[in-house]
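Report on the following structure.
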Amino acid sequence: MPAPIRLRELIRTIRTARTQAEEREMIQKECAAIRSSFREEDNTYRCRNVAKLLYMHMLGYPAHFGQLECLKLIASQKFTDKRIGYLGAMLLLDERQDVHLLMTNCIKNDLNHSTQYVQGLALCTLGCMGSSEMCRDLAGEVEKLLKTSNSYLRKKAALCAVHVIRKVPELMEMFLPATKNLLSEKNHGVLHTSVVLLTEMCERSPDMLLHFRKVWLLVPQLVRILKNLIMSGYSPEHDVSGISDPFLQVRILRLLRILGRSDDDSSEAMNDILAQVATNTETSKNVGNAILYETVLTIMDIKSESGLRVLAINILGRFLLNNDKNIRYVALTSLLKTVQTDHNAVQRHRSTIVDCLKDLDVSIKRRAMELSFALVNGNNIRGMMKELLYFLDSCDPEFKADCASGVFLAAEKYAPSKRWHIDTIMRVLTTAGSYVRDDSVPNLIQLITNSVEMHAYTVQRLYKALLDDISQQPLVQVSSWCIGEYGDLLVSGQCEEEEPIQVTEDEVLDVLEGLLVSNLSTPVTRGYSLTAIMKLSTRFSSVNRIKKVVSIYGSSIDVELQQRAVEYNALFKKYDHMRPALLERMPIMEKTASNGPTEIMQTNGETEPSVPDTKHLPLVTQPANQANDLLDLLGGNDVMPVIQTTLPTKPASAGGELLDLLGDLSLSGGLAPAPSVPVSQPPFLLDGLSSQPLFNDTSAAIPPMTAYSKNGLKIEFTFERANPNPNIAVITIHATNTTEADMTEFVFQAAVPKTFQLQLLSPSSNIVPALNQGSVTQVIRVLNPQKQQLRMRVKLTYTHKGSPVQDLAEVNNFPPQSWQ
Amino acid sequence: MTMHFLLLFSRQGKLRLQKWFTPIPEREKKKIVRDMTTMVLGRKPRSCNFLHWKDLKIVYKKYASLYFCCGLDAEENELLALEVLHRYVELLDKYFGNVCELDIIFNFEKAYFILDEFLLGGEVQETSKQVVSRSIEASDMLQEVSERPCSR
């Protein structure tokens, strides 16, 4: 059998392969040869074969059949064999394979070998990939070597001990005595690894940490070593660009950080040296800056005095001006960490940070953006927003969503005026409109509704934006909605804030119809524009044109659009008298807690902000279904089942009656479509329900009352207050029946004056048993923000002894406590 | 400087050295190597040397045709990591004399031996260049002595 080819020969051969297939063929051939050689238990060439196998493994080919051979090499007496054997073990074996345990004995022997380089190999392997079992078995040997006077072995043993502790934390104690003398070493290798070992112990065990602080007095020792390093003259062995052993300096600074954290005395003891390092370190090269960086991190983490903290932040500020990108990046990252605690100090560097927005490097831009948002406050909002909007214009798409969200958040918190707020939002929508989050549309609509005096200005600007560009859906949706609401202001040219534009009704309708047919518009957008057109029927005079549009879409393929059109058509045909009321101006919506991202600081740029994933289309009015009128009247939302029992069967006239009936209490106009993302629902309806028990003992003081008593039917009201919102009164009705026949199909309905909002929950049943044998209960929640006197009109329907009964009543005798 | 891994790869993404300091399954190692090469090779020329990947900081530096890439814990000092990479390159340079990629291809096991005298368990074990070089020389000498009569 000829000698297997040499390693270098194989490498050369494989590199001549011109295709992947050719390479694979060569490798397979060689693997086969190696396998047969292994089978023959050839000692002479085992080392060579394993080395070749390791090369092939690096190319990505399987090499597991060499694992046992590595073990055999390790057991060999030849140093060459051991070297390759241990390398192979580190590359091919890991603790997942039981095979690795076979190494333990070999390692143990080698740890006691007469040659330090063999001992070194064993320590290295154990410290790299030793499993917990191996560590447990061999910890004693490692501890012995920690005490040797041979610095070559001592430093390796220290790092091996670190690995052992990481794998088997309980073994930490046994290394303690040996560690004690390590810091008195002169040898830098040993010093460095000892500091690493001490750091590991401190991080793992608060008790150890205390012990080191108080008993060993570690801090002064470390301070002394660091001082010597800095003050000592040039040492060629450890010099890096004029700095003496930067690796050791940084590790000491790190350990000082851990020791000084939340401990005043230790922090004070290190103040001087930190100041010294911070001011004396040469900053022309990366190595000096690495030390400064670590110093800054230490200063910020311990209980340093304010002068030192300011020094640290100023160092970071200088870093920001450094030509080296890495240093700028590191500065921004650190400033981001400290911006909460040392806000004012960081503010001083605001202009430099904002300049970093223009940096070419993507990582730096992202950090600068996050930091900029953290620095925005009431004083600098105008200037900062200008820069951030400019950034939004020109940044990469990966930033736009986060930046837009940040702008909205900041604008909401610090807007100096409503007009500025709306301008800012418009700017974002027109420049980054396709990247804004889905829930910004309802949020913006709500904001616009609430800025009553800006309606004319807003609708004018939005209209102009639509003329320019209809591709960005959020912008288009908000614009359609506004035009639907405030189209009359647009056409009448009432704008005060800026030059009013001359627009005719037809032009507006042209634009909205254009949205309907454009293939840039999504179905949602089409929905918005159809509804807007419909709303304009009460604001514009060209009703015929609108009727035509609506009827055309009655046969649209899009089911959603079709349904809307059909219903709007019905509104024109059969319920024209209801149209004005239904399409009235929207009331001011209750401001809800912001549902936007509160945290846009993300270290990993890929994290998604949480977007409500139910993208609801705006609630469509269903004027044909009068029962739902009542729903809407009662501020109903599609989440709560209100009156499920009765309704679709009711004849049309009954609905009309109810409306007329409550005419003088006058309806709230809240029937125009509202975006139904839960965010914009009046919060009180959902809040109290989810977090508070409905019946709350603390407000039992309100006396019950009889609301209605006639023909044997008695309805009593009992009161509670819903705690999260004192403006809400929770009323429970109890309906009882003194007659000898049951009242079946019992339905209770109620309506309240305009300034109130009402919610009816499901009744317990719809049969009121005869002779007071039971009662029907139902809960009513009334929102009374203006604390006006509560009045209610109720309508009762039921079947008694086979015949239907209907009655209306006014309830005025509410006790004052229920609405005060 | 707790390193999780150190990789060396060429401009074409060919792996020249892989050192893993934490136990990871083979398949996952391959994935990490793929991810690192894609990410690092995809960087624009004058970007900064730091990246984020999962919860690790990635520090990389290009030396001639080789990329040196290491993965660190999130709290590590990136600037010092650059110094560590640089020190390794200096050690290779001292050993091979004007080291180039071919040296590392044909003598990969030596590259590993040098690394193992510089780092242990992901931490720096010796801060003096001369001490590391001397250890390597002595080990090589020992190898030569034990190798007679057959050479690799």
Q. On full extension of the chain, what length is gained from A:Glu453 through A:Lys548, given 0.36 nm per residue of separation minus the C-alpha to C-alpha distance?
A. 30.9 nm
**Q.** Relative compactness, region A:1-75, computed as alpha-carbon Rg over 2.2 N^0.38 Å
**A.** 1.06
(Q) If you consider only alpha-carbon coordinates, what radius of gyration and Dmax does chain B have, in Å? (A) 15.9, 52
Q: Please work out the ratio of the alpha-carbon Rg of the protein assembly as shown to 2.2 N^0.38 Å and round it to two decimals.
A: 1.29
(Q) Using a probe radius of 1.4 Å on heavy atoms only, what accessible surface per residue do you get for region A:86-157? Whole Å² is fine. (A) 35 Å²
Q: Within 10 Å of each Cβ in peptide A:247-253, how many partner chain Cβ atoms are there on average? Round it to a whole number, please.
A: 4
Q) What does the charge dipole of region A:1-141 about its Cα centre add up to, to the nearest 20 debye, if the Cβ of each Lys and Arg holds +1 and the Cβ of each Asp and Glu holds -1? A) 540 debye
Q) Using alpha carbon centroids, what distance separates region A:160-198 and region A:515-579, in Å? A) 78 Å
**Q.** Summed buried accessible area for B+A [probe radius 1.4 Å, Å², rounded to 100]
**A.** 6400 Å²
Q | Straight-distance crosslink candidates among lysines, where the alpha carbon sits under 22 Å from A:Lys548 and sequence neighbours closer than 8 are dropped | A | A:Lys535, A:Lys573, A:Lys574
Q: Quick one: of A:Lys285/B:Lys110; A:Lys52/B:Lys54; A:Lys337/A:Lys365, which pairs are farther than 24 Å apart, Cα to Cα?
A: A:Lys285/B:Lys110; A:Lys52/B:Lys54
Q) Which residue, B:Glu101, B:Glu109, B:Glu26, tops the fluctuation ranking in a GNM of chain B built on C-alpha contacts under 10 Å? A) B:Glu26
Q | Area of B:Arg11 that stays accessible when all protein chains are in place (1.4 Å probe, Å², to 10) | A | 130 Å²
Q: Take the solvent-accessible surface of the protein heavy atoms, probe 1.4 Å, and return the percent of it on region A:395-458 that carbon and sulfur atoms account for.
A: 51 percent
Q. So for the pair A:Arg791, A:Leu808, with labels modelled 7 Å out along Cα→Cβ, what separation do we get in nm?
A. 1.4 nm
(Q) How shielded is B:78-89 by partner chains, expressed as the average number of their Cβ atoms within 10 Å of its Cβ atoms? (A) 5
(Q) Per residue, how large is the accessible surface of region A:372-428? Use a 1.4 angstrom probe and give square angstrom. (A) 39 Å²
Q) Tell me, which residues of region A:305-331 get at least 50 Å² less accessible area when the other protein chains come in, versus the chain alone (1.4 Å probe)? A) A:Asn326, A:Tyr329
**Q.** Per residue accessible area in Å² of chain B, where ligands, DNA and RNA are left out and the probe is 1.4 Å
**A.** 39 Å²
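The values are calculated or read from the model by the stated rules, or taken from the named source; none is laboratory data. This structure is a prediction, so every number in the text was calculated from the model and none was measured. So basically every Cβ, Gly included, is an ideal-geometry build from the backbone, and we count neighbours across all protein chains shown. Side chains included, ligands, DNA and RNA excluded: accessible areas come from the protein's heavy atoms. Shrake-Rupley method; radii C 1.70, N 1.55, O 1.52, S 1.80 Å.
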